[in-house]
There are 2 protein chains.
Amino acid sequence: MTSLSYQPRSGTFSPAPADSSVHDVDTAAREALAAAPAVEATAPAARAGWLAAVADALDSANGRLVEIADEETALGVNRLRSELERAAESLRFYGEVAAEGSWLDATIDERNGARPDLRRANRSLGPVAMFGASNFPFGFGVLGHDTGSALAAGCPVVVKAHPAHPRLSAALADVAARALHRQGAPTGTFALVFGYAAGAGLVTHPAIAAVAFTGSESGGLALWRLAATRERHIPVYAEMGTVNAVVVTPAAAKVRAEEIAAGFVASFTLGMGQFCTKPGLLLVPSGSGLTARVGSALQRATPDGWMLTSGIADAYSEGVRRLLDAGATIVAVTPERTTGWAAAPAVLAVGPELLRVDSPLLAEVFGPVALIAEYRSDAELHAVLDALPGSVATGVQIAPDGDEHVAALVQRLSRKAGRVVVDGWPTGVAVTWAQHHGGPWPATTDPTATSVGSAALSRFVRPVAYQDVPDYALPPALQQANPWRLTRRVNGGRSA
Amino acid sequence: MTSLSYQPRSGTFSPAPADSSVHDVDTAAREALAAAPAVEATAPAARAGWLAAVADALDSANGRLVEIADEETALGVNRLRSELERAAESLRFYGEVAAEGSWLDATIDERNGARPDLRRANRSLGPVAMFGASNFPFGFGVLGHDTGSALAAGCPVVVKAHPAHPRLSAALADVAARALHRQGAPTGTFALVFGYAAGAGLVTHPAIAAVAFTGSESGGLALWRLAATRERHIPVYAEMGTVNAVVVTPAAAKVRAEEIAAGFVASFTLGMGQFCTKPGLLLVPSGSGLTARVGSALQRATPDGWMLTSGIADAYSEGVRRLLDAGATIVAVTPERTTGWAAAPAVLAVGPELLRVDSPLLAEVFGPVALIAEYRSDAELHAVLDALPGSVATGVQIAPDGDEHVAALVQRLSRKAGRVVVDGWPTGVAVTWAQHHGGPWPATTDPTATSVGSAALSRFVRPVAYQDVPDYALPPALQQANPWRLTRRVNGGRSA
């Protein structure tokens with residue numbers, strides 16, 4: 001199949017790497033399976049070295065990679081340069097998390113009377129099939145959070161290139177393959193395949209032990225359903241786009257209206273709204289004047305940029321139309337570009353009584369559109385919050401000196417989301433130990449999983465208990481001498 | 001629908017609680033949902049008090065409960081008495097784990113330059129639908145590991161009674177409901193429903209947030225598939241029966257043959273082989289004489305008992321027939337009882353070349369039958385181990401002074417199992433911090449999940465990250481004053 005690399009600014013195209021054959025996919029999966037024991041047996045600190053080497057190589061290649069990425073995504077060189085720097089930092093972070101070793105959850109209960117010696121540690125699941133997102137070609141791309149955390153957790157990775165940036169994918173894979181090879185990582189530790197059929201072939205390949213995906217709900221659920229047809233079922237971690245609601249309290253609206261309006265517009269139009277953490281719904285007090293202020297803020301901001309693919313541009317227009325058909329009305333809209341894959345940023349108003357379970361108004365529209373609803377009472381606000389589907393993030397804007405209802409509101413919001421932000425906007429996702437980037441269905445296919453932060457490794461391991469196994473036959477994490485110097489739980493208590 | 005309580009010793013029956021109506025199921029699920037915030041908000045140490053009160057009530061009612069259990073299961077009063085004592089102990093253990101608080105995984109990254117304050121802790125998923133097993137009416141019954149760990153993790157539980165012990169289920173639920181009420185647990189914390197339709201109604205009820213199941217592969221997969229039809233997908237943790245292989249090394253066979261033969265027979269016939277951890281396949285060195293010794297050991301042991309239900313007794317006969325049809329031959333068989341739901345314990349021999357992927361010889365037959373295969377080389381042994389499906393447990397019998405290949409063998413066995421036992425038998429499952437009772441598909445529907453041990457709580461929680469949330473609005477686990485005195489990870493390091 002002939003493959004093409006498109007430029008969103010013009011809609012023009014150039015040749016891209018050809019789709020992988022069935023044989024290529026099978027080879028990649030088999031080589032990953034063959035490499036799995038050696039990748040797992042490599043000490044986590046050594047795998048941290050692999051990841052650091054890849055990160056260094058990305059830094060060295062920053063200029064060249066950003067150039068290709070900007071051609072294929074039109075996200076702009078400044079944004080892409082810093083995204084790539086952060087992606088390299090994230091790889092180092094996952095290496096540090098691997099070396100620290102808490103993800104192994106090493107737990108030892110020594111023999112006690114008739115009770116046997118029991119020791120448990122996590123082991124690596126095996127080859128991971130990775131599907132990156134269109135909107136973060138570095139952060140959630142070929143060498144993004146999923147690949148970094150899977151390698152950190154001792155799993156080989158086979159990436160399916162995103163069709164929105166095939167040339168960049170090939171360049172990233174080349175950088176990674178060279179760096180891993182120089183580090184002595186086994187053949188099969190990392191591979192890249194191209195094409196829709198290759199993706200389906202990976203998900204159903206017997207050698208694949210887990211699937212990681214970031215992208216649309218339709219794409220994630222399609223992979224999830226495909227994986228469910230396997231003879232041997234495997235975990236599928238899909239992180240999907242959601243409507244992320246932000247509540248403005250009456251006290252906040254009184255004193256911070258202008259700042260909130262500007263912040264909301266900046267957040268939902270960032271990268272032309274192509275963020276899974278985009279705040280898609282602002283719930284404001286009725287009569288606060290915030291709806292008009294947000295409209296003015298959008299007119300002043302005149303956000304500018306392109307959509308990532310022609311499909312996304314088309315889906316955006318259709319999505320806005322669907323919102324209008326469902327009862328939303330236009331507050332403000334800015335002019336659409338006349339070149340390339342364009343979209344017109346817009347703010348729509350909607351009555352809170354329309355925001356009910358299964359309403360099309362509560363389905364994500366990917367791109368620079370957001371809804372504002374004015375609530376007239378706490379009861380009306382709570383009814384909307386209870387109707388929201390699960391989301392990746394949510395937030396509340398409060399008064400500077402605290403609001404009496406904030407604790408209850410945070411608690412209510414946390415029932416439906418993976419992250420609750422106060423006085424900020426959900427679009428920024430810090431890469432730290434405490435981060436959680438996930439959430440209840442349909443934000444993800446597994447509410448316990450995160451694709452960012454230290455806990456991202458946990459998706460790619462499973463525990464094994466060893467009963468009365470002699471020390472010389474135990475994995476290093478559980479040996480008496482503790483060669484990896486882990487903090488372990490011994491007989492119920494922590495010990496270094 | 002008229003419901004009946006059967007006695008395995010005679011096949012006779014008496015009336016049992018009627019099947020729950022659609023209305024009953026809906027009420028139970030809604031009350032559980034209404035109770036969920038209060039159950040979660042109860043301090044874990046207070047929930048530990050609830051569990052201890054239920055445990056004390058079980059101890060007080062031991063005699064009466066064991067009597068009913070013995071009528072309905074014919075497992076014998078000695079076994080049942082100690083199973084109930086252990087079940088009470090397990091509830092106390094899950095309470096201690098709840099109070100210790102590691103399951104909350106409280107993690108704090110304080111503000112650092114432009115990076116926001118991020119705090120993450122697990123929160124309770126919500127109402128859990130619990131399906132117990134026939135073979136452990138206490139340990140995996142109405143108040144077994146799943147109920148104990150779900151309540152410990154702050155989730156209300158709605159139990160679907162197992163049809164093999166409806167009167168016992170009602171009695172256990174009554175004990176629990178009274179104890180929980182005395183402790184001040186909210187209405188809806190715990191409920192019991194009866195009947196097949198009630199179970200299906202629970203799994204598809206919008207209020208249910210997770211499903212826990214212990215039992216057969218067919219039962220577990222049916223619930224898993226049913227749950228996959230839900231609009232909002234939820235986790236289904238099914239722990240299912242597997243063939244649990246045990247390897248005897250040549251060195252072990254030389255010096256410990258008699259002990260191994262006797263131990264194997266005792267383990268696979270324990271409780272008439274009605275254990276999900278039954279060692280269903282012994283892999284012995286060719287020419288070691290172990291096959292004949294196991295046959296003699298079975299003849300000497302003459303295990304005696306009943307099957308739990310007429311369905312299980314029928315499935316056992318059919319299962320043994322299937323093994324024989326697939327090429328197994330009889331080594332020894334003991335006489336079958338002539339009363340009640342009987343089964344004839346048997347040892348069958350099979351050529352290792354028949355033990356291939358998808359062979360019916362590698363599908364569990366629930367009951368007192370086991371296979372022995374004689375391997376002629378390491379290559380032949382490894383081919384069998386590689387063909388094994390995932391299992392809950394596995395093991396190896398080694399020589400007293402160590403065996404050169406043990407480390408590699410343990411490593412190979414751990415690829416396919418949740419627990420590896422050396423020189424013991426898998427049927428005993430200690431309840432400790434380090435235990436793991438689960439395993440790769442088809443042992444469970446989630447290879448990361450355990451239904452026994454401290455990590456059992458993790459099935460019923462999900463993380464939430466709080467970004468820049470003021471201290472007064474944070475959950476207690478993340479507040480600066482650390483009111484629950486948790487060991488937390490702060491800025492990447494552990495602190496008490």
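Mean partner shielding of peptide B:229-236, defined as the number of other chain Cβ atoms within 10 Å of each residue Cβ, is 4. Counting Cβ atoms of other protein chains within 10 Å of each residue's Cβ and taking the mean over peptide B:438-449 gives 5. Per-residue accessible area (protein heavy atoms, 1.4 Å probe) orders A:Cys276, A:Cys155 as A:Cys276, A:Cys155, starting from the largest. Considering all C-alpha pairs of the protein assembly as shown, those separated by over 39 Å amount to 45%. The Cα-based radius of gyration of chain B, divided by its Kirkwood radius, gives an Rg/Rh of 1.00. Compared with the rule-of-thumb size 2.2 N^0.38 Å for a compact globular protein, segment A:1-109 has a Cα radius of gyration ratio of 1.43.
Cβ-Cβ distance of B:Ala43 and A:Ala379, R₀ of 30 Å, FRET efficiency by 1/(1 + (r/R0)^6): the value works out to about 0.55.
Placing +1 on the Cβ of every Lys and Arg and -1 on the Cβ of every Asp and Glu, with no other charges, gives chain A a dipole of roughly 680 debye about its Cα centre. With everything on Cα atoms, drop me the angle between helix A:250-269 and the longest principal axis of chain A, reported from 0 to 90° to the nearest 10. With rounding to tens, the tilt is 70 degrees. Note that segment A:438-446 has calculated 3J(HN,Hα) couplings of x, x, x, 2, x, 5, 9, 8, 9 Hz, one per residue in order, obtained from phi through the Karplus relation 6.51 cos²θ - 1.76 cosθ + 1.60 (θ = phi - 60°); glycine and proline are x. Seen from A:Arg182, the other residues with C-beta closer than 14 Å to its C-beta sum to a net charge of -1, counting Lys and Arg as +1 and Asp and Glu as -1. Each copy carries a label point for B:Asn62 at 7 Å from Cα toward Cβ; from one copy, the others' points are 6.9 nm away, ordered from shortest. Give, as a single signed number, the net charge of other residues whose beta carbon lies under 15 Å from the beta carbon of A:Lys160, with Lys and Arg counted +1 and Asp and Glu -1. Net charge in that neighbourhood comes out at -4. Protein heavy-atom surface of segment A:13-144, 1.4 angstrom probe: 55% of the accessible area is carbon and sulfur, with nucleic acids and ligands not counted. Protection proxy ranking of A:181-189, A:241-249, by the mean of other Cβ atoms within 10 Å over each peptide's residues and highest first, is A:241-249, A:181-189. Given +1 at the Cβ of Lys and Arg, -1 at the Cβ of Asp and Glu and no other charges, the dipole of the protein assembly as shown around its Cα centre is 600 debye to the nearest 20.
Taking Lys and Arg as +1 and Asp and Glu as -1, the other residues whose beta-carbon sits under 12 Å from that of A:Ala252 total -3.
Taking every C-alpha pair closer than 8 Å and separated by at least 6 residues, the mean separation divided by the residue count of chain B gives a relative contact order of 18 percent.
Heavy-atom accessible area buried between chains A and B is around 5300 Å² (1.4 Å probe, both sides summed).
Residues A:Arg123, A:Arg337, ordered by accessible area of protein heavy atoms at a 1.4 angstrom probe radius and largest first, appear as A:Arg337, A:Arg123. Placing a label point 7 Å from Cα along the Cα-to-Cβ axis, B:Ser10 is separated from the same position in the other copies by 9.1 nm, shortest listed first. Site pair A:Arg232 and A:Leu4 shows an inter-label distance of 4.1 nm when each label is modelled 7 Å from Cα along Cα→Cβ. Once the C-beta distance of A:Ile330 and A:Asp26 is scaled by a Förster radius of 41 Å, the resulting FRET efficiency is 0.20 to the nearest 0.05. How many nm separate the modelled label positions at A:Thr12 and B:Asn112, each set 7 Å beyond the Cα in the direction of the Cβ? The modelled label-to-label distance comes out at 4.5 nm.
Modelled this way, with points 7 Å down the Cα-to-C-beta line, the labels at A:Glu89 and B:Arg225 are 4.9 nm from one another. Here B:Ala34 and A:Ala301 are evaluated by their C-beta separation; at R0 = 45 Å the FRET efficiency comes out at 0.55.
Once you order the gyration tensor axes a ≥ b ≥ c over the Cα atoms, which shape class does segment A:18-79 get: rounded for a/c under 1.5, otherwise prolate or oblate by comparing a/b with b/c? In terms of gyration-tensor shape, oblate. Backbone geometry of segment B:283-298 corresponds, through the Karplus equation with coefficients 6.51, -1.76 and 1.60 at θ = phi - 60°, to 3J(HN,Hα) couplings of 9, 10, x, 4, x, 7, x, 5, 4, 5, 4, 5, x, 5, 4, 5 Hz, x marking Gly and Pro.
Averaged over peptide A:412-422, the number of partner chain Cβ atoms lying within 10 Å of each residue's Cβ comes to 5. Take each peptide in A:129-142, B:39-52, count the other Cβ atoms within 10 Å of every residue, and average; sorted highest first, the result is A:129-142, B:39-52. The order of the peptides B:159-165, A:163-169 by mean Cβ neighbours within 10 Å, most packed first, is B:159-165, A:163-169. Between copies, the label points at B:Thr187 (set 7 angstrom from Cα along Cα-to-Cβ) are spaced 7.0 nm, reported in nanometres from shortest to longest.
Roughly how tilted is helix A:166-182, in degrees to the nearest 10 and between 0 and 90, from the longest Cα axis of chain A? That works out to roughly 30 degrees. Determine the alpha carbon to alpha carbon distance for each of A:Lys416/B:Lys278; A:Lys254/A:Lys416; A:Lys416/B:Lys160; A:Lys278/B:Lys416 and list only those over 31 Å. In this structure, A:Lys416/B:Lys278; A:Lys278/B:Lys416 lie more than 31 Å apart at Cα. For segment A:193-237, the gyration tensor built on C-alpha atoms gives an oblate shape. Its axis ratio a/c (a ≥ b ≥ c) is at least 1.5, and a/b is not larger than b/c.
DSSP beta bridges in the protein assembly as shown, what fraction antiparallel, as a percent rounded to 5? For the protein assembly as shown, the DSSP antiparallel bridge percentage is about 35.
Just to be sure I understand the curve: with the Debye formula and one point per C-alpha of segment B:295-381, what is log10 I(q)/I(0) at q = 0.19, 0.23, 0.24 Å⁻¹? The Cα Debye sum returns log10 ratios of -0.87, -1.14, -1.20.
Computed over chain B, the per-residue total of -39500 (n - 2.57) for DSSP H runs of n ≥ 4 gives a 222 nm mean residue ellipticity of -12000 deg cm²/dmol, rounded to 500. Computed in the context of the full set of protein chains, the accessible area of segment B:342-443 at 1.4 Å probe radius has 55% of its extent on carbon or sulfur.
The values are calculated or read from the model by the stated rules, or taken from the named source; none is laboratory data. Not measured: the values here are computed from a predicted model. Virtual Cβ from ideal backbone geometry, glycine too; neighbours counted across all protein chains shown. Keep in mind that these areas ignore ligands, DNA and RNA; they rest on the heavy atoms of the full protein, side chains included. Shrake-Rupley method; radii C 1.70, N 1.55, O 1.52, S 1.80 Å.
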